[in-house]
Amino acid sequence: MKALEHEDLLQLKEEPAQKLPESVRMRLDETYFMLEDMPMAEPEKRKKRSWVRRSILIVSGAAAAFMLLIGSGFVSPVMAQALSQIPFLESVFKLAGDRGLQKASNEGMAVRTDQNVTHNGVTVTLSELIYDGSRLNLVLSRDKLPEENPTGGARDWIKRTTLGLNNIDFYVNGSLMNTGMSVKPGGSSAPHSIIVTALDSPGLHIPDEFELKLLVKLEDQPEPFEFKLPVKKADKTTVITPDEFKDLGHIQMRIVQLKITPVTTQLETEIRGDQGQVFKEISKLFPDQYKADDFIYINFDIVDDKGNLQNAIDGNGSGEKDYFRSLDSYEPFEEIPEFVMIKPYVLTPKTGEKKYIHELEFKIQVK
């Protein structure tokens, strides 16, 4: 993956991505307001930025357990010094994660890694990780934040709240993954930490167990911070692959799969046009009532059998020559439903209201 500017840092996607799902847009303001209580030197730093997604998890516990970890000899003196400067005692997943990551932390599904690498007096720690087959979440912490520029404005504020992160390369069993990535700051409870989400892009085939290598690149450090560790998928995954298409004129849509885990509900969809038709022409075939501009931005609501709307976490999309695939993540169900409704929609220009595309709705039996 190429290095990106800070404005793009929290919108990292794989190269072929062609849309920004509304599920992402709805998270922008939530992230901003979450961070609003953080101290900022200049009023203009409160500008909304183009943020994106996610979170991460693990069980850490109370202060006594934290001190036991440091004093037990389980970590090196450098590690202990780094941890002592990170002002939190609980899991960052629990403090700043979405409901799925909080659940994973509370139920012990997250893995405590506590790996640290030091370059030029700066220590980066990989402390928590979970992979549920839908998304990889991990917590990165930095003992010394980038120096603050009093006149740096919002750009400098973003740099500090994301630890000066430039990019992360993800390797699975030695192969570089073309994956999207999102970053969520730890907020006022864990200002030295971020939650990173990755390995959730369309078309990726990740084994249930693999060796993960990370090359963490910071803007102010010339050398990447390398981490290696084994990863195993969490249990209890339900995968449903409906063999059904819906038509809207010359448009066909299908549900590639619905994946349900204790941490994430993930929906993968595919849209095609007529046989041999290139993807760029497909959007022109949508009925006018669903068009906002020259490109169609379709988003999806998931509603369970009791009428509960699932909260969106994130979304990715990739377009090939003759189809477009979307991969959207949602918080987990409180309990596994009998069925779910997949409700595609577009946003009405100016008002931002949802306009559901009833012709493309799906009812998926889960049990």
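Readers should treat all values here as calculations from the given coordinates under stated rules, not as data from a laboratory. No experiment lies behind these values; they were computed from the predicted model shown. With ideal geometry, Cβ positions are generated from the backbone for all residues, glycine too; neighbour counts draw on all protein chains shown.
The modelled label-to-label distance between Leu347 and Asp220, using points 7 Å beyond Cα along the C-beta direction, is 3.4 nm. On the beta carbon distance between Glu270 and Asn308, with R0 = 35 Å, the FRET formula returns roughly 0.85. Phi angles across segment 92-102 convert, under the Karplus curve 6.51 cos²θ - 1.76 cosθ + 1.60 with θ = phi - 60°, into 3J(HN,Hα) values of 5, 4, 6, 6, 10, x, 6, 4, x, 6, 4 Hz, Gly and Pro given as x. Note on Thr238 and Tyr171: the model spin-label points, each 7 Å out from Cα along the C-beta direction, lie 3.8 nm apart.
In the neighborhood of Ser175, defined by Cβ-to-Cβ distances under 12 Å, what is the net charge if each Lys or Arg adds +1 and each Asp or Glu adds -1? That sum, taken over residues with Cβ under 12 Å, equals -1. Subtracting the Cα-Cα distance of Phe245 and Asn106 from their residue separation scaled by 0.36 nm leaves 46.1 nm. Model label sites at Lys354 and Asn120, defined 7 Å from Cα along the beta-carbon direction, differ in position by 4.7 nm. Across segment 218-225, coupling constants 3J(HN,Hα) worked out from phi with the 6.51/-1.76/1.60 Karplus curve, θ = phi - 60°, read 9, 4, 9, 10, x, 10, x, 9 Hz, and Gly and Pro carry x. If you take the Cα centroid of segment 117-159 and the Cα centroid of segment 298-339, the two points sit 29 Å apart.
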